[in-house]
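Notes follow once the structure below has been shown.
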Amino acid sequence: MSGAPLHGVRVLDLSRLLPGPVATLHLADLGADVIKIEDRGAGDYARLLGDGPGGVSAFYRSVNRNKRGLRLDLKQPQGRAAFLRLVATADVLVESFRPGVSDRLGIGYQALRAINAKLVYCAITGYGQNGPLAMAAGHDLNYIGLAGVLDQIGVKGGPPAIPNLQIGDLLGGAMSAVMGILAALFDAQRTGQGRLVDVAMSDAVLAHNLFPLFALHGSAGVAERGCDVLTGGDPGYGVYATADGRYMAVAPLEKKFWDVFCAALQRPDWKPLHGARGAAAVALRREIESLFLSRTQADWCAFFAAIDCCVTPVLGVAEALEHAQFVAREMVVHADGVTQYAPPVKLSGWVFAVERAAPAAGEHGEEVLLEAGFSADEIATLRAASVT
Ligand SMILES: CC(C)(COP(=O)(O)OP(=O)(O)OC[C@H]1O[C@@H](n2cnc3c(N)ncnc32)[C@H](O)[C@@H]1OP(=O)(O)O)[C@@H](O)C(=O)NCCC(=O)NCCSC(=O)C(=O)O
């Protein structure tokens, strides 16, 4: 990958499911040499078998592109020994086991640090390495529920709504892991010392639950679900149905955009209602609702196309990929037989590419071990013992 910013960074990836593999996807896309290490049993490759070409799911193919694959049974002493040799060649290790699992395997941070002081060791968990829930199993819904985030999602009077985007796993877990890893890598270059990066998905979502957290100490307190300015309490920030059963995202939040919105709709009487609350907000919302129901989504898109007041369509997934904006940003990538998406950042001097299809489990085992200095005989011995 020419100009890839993480070229030369080697990552050993023991992580599974979603958060860790997406964190290492970002590192791999940015040019790091990510080696996905699966156990001999139901690794991600086997777990995520599915609907794509060759039976491997589009999910597995997208999330593991640009990585290499190695199988290693870490429960066998030879497997652990081989892994420790690889650690000596690595810059970063990512795992997403419960606390204590890697120590039981003999590959915990302290053990690896003794081999490679510069190693950045990132452990992604639901609740972190300490605290009463540290050992508990969990998924995204548990993390956002516990952190006070889920309680705020949904409409007034309704139950908490499950977001379709895994806020804890991806924005909390994967992105925080990337942040911690890059910070520790930067520091390791200066000091020669790596760090343990302890990412708890529940911490990460709690830390970003900013509006409710700030409101907690304000005079008004935390708003009821669906009633805060950005959760449905402000008619100038809401989702409105259209004549064809679609929706528009209407967000002229600031006064200047609200004024443009009102002028475009020829409703000067709405102008003084900017930021309306209570009964005035309810009445205004009803008026906006009935206005938006008078035209189709396509009509409203055409109407607002040249008006700069933060009104856009609510699109389906497939429609979003075809929207001129994302086409212009080259966010859609067709590779390895599936539709994929580009990384969330673009850096000058680097053009993202899918250089490698996602590996089959262990696909690059021999290549990776040879590079790390294993002889052909050693690799044959590991194979014979079903370690790799
Ligand atoms: C997801 C989990 C609940 C799954 O729990 P478990 O299936 O019980 O896995 P554990 O992590 O506890 O243990 C992993 C076991 O695999 C073994 N193991 C792992 N790698 C290897 C290799 N290479 N060789 C041999 N054995 C291995 C390891 O020794 C452990 O076995 P033993 O030593 O014998 O125990 C947990 O991993 C976890 O809490 N992880 C952190 C948070 C997380 O990732 N949450 C899911 C987010 S994704 C999500 O929300 C979603 O997809 O939905």
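The values are calculated or read from the model by the stated rules, or taken from the named source; none is laboratory data. All values derive from a computational prediction rather than experimental measurement. Counting neighbours? That spans all protein chains shown, and the Cβs are built from the backbone with ideal geometry, glycine included. Each accessible area value is taken on the protein alone, full model and side chains, heavy atoms only, with ligands, DNA and RNA left out. Shrake-Rupley method; radii C 1.70, N 1.55, O 1.52, S 1.80 Å.
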*With V101, V56 as the choices, which residue is more than 19 Å from V11 (Cα to Cα) and modelled with pLDDT of 95 or more?*
V101
_Wholly enclosed helices (runs of 4 or more DSSP H) of the stretch 66-185 bearing at least 2 residues of a type in the set (K, R) and assigned by the TED database to the domain that holds A32_ = 77-87
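Rundown of residues vs (1) open to solvent by 80 Å² or more (accessible area, probe 1.4 Å); (2) within 16 Å of the chain's Cα centre (by Cα); (3) at pLDDT below 95; (4) more than 13 Å from the ligand (Cβ to nearest atom), yes/no style:
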| residue | (1), (2), (3), (4) |
| --- | --- |
| K118 | yes, no, no, yes |
| Y121 | no, no, no, yes |
| L133 | no, no, no, no |
| I144 | no, yes, no, no |
| L150 | no, no, no, yes |
| N164 | yes, yes, yes, no |
*Mind telling me which of the residues G221, G226, G233 ends up being more than 16 Å from the ligand (Cβ to nearest atom) and free of Cβ contacts under 8 Å to residues at least 12 places away in the same chain?*
G221
*Checking Q266 against (1) open to solvent by less than 80 Å² (accessible area, probe 1.4 Å); (2) out of contact with any helix residue (DSSP H, G or I) (no Cβ under 8 Å at 6 or more places or on another chain), which single condition isn't satisfied?*
(1)
*Verdict on G245 being loosely packed, with under 14 Cβ neighbours inside 10 Å and under 25 Å from C309 (Cα atoms)*: yes
*If you go through the stretch 304-313 one residue at a time, do you hit one that is farther than 30 Å from S176 by Cβ and part of a helix (DSSP H, G or I)?*
yes
*When the stretch 319-360 is examined, which residues are found to be within 22 Å of D13 (Cβ to Cβ) and among the β-branched types (V, I, T)?*
V333, V338, V345, V354
_So for the stretch 347-362 (the condition being of a type outside the set (G, A, S), modelled with pLDDT of 95 or more, over 30 Å from V87 (Cβ atoms) and surrounded by 17 or more Cβ atoms within 10 Å (Cβ to Cβ)), does at least one residue qualify?_
no
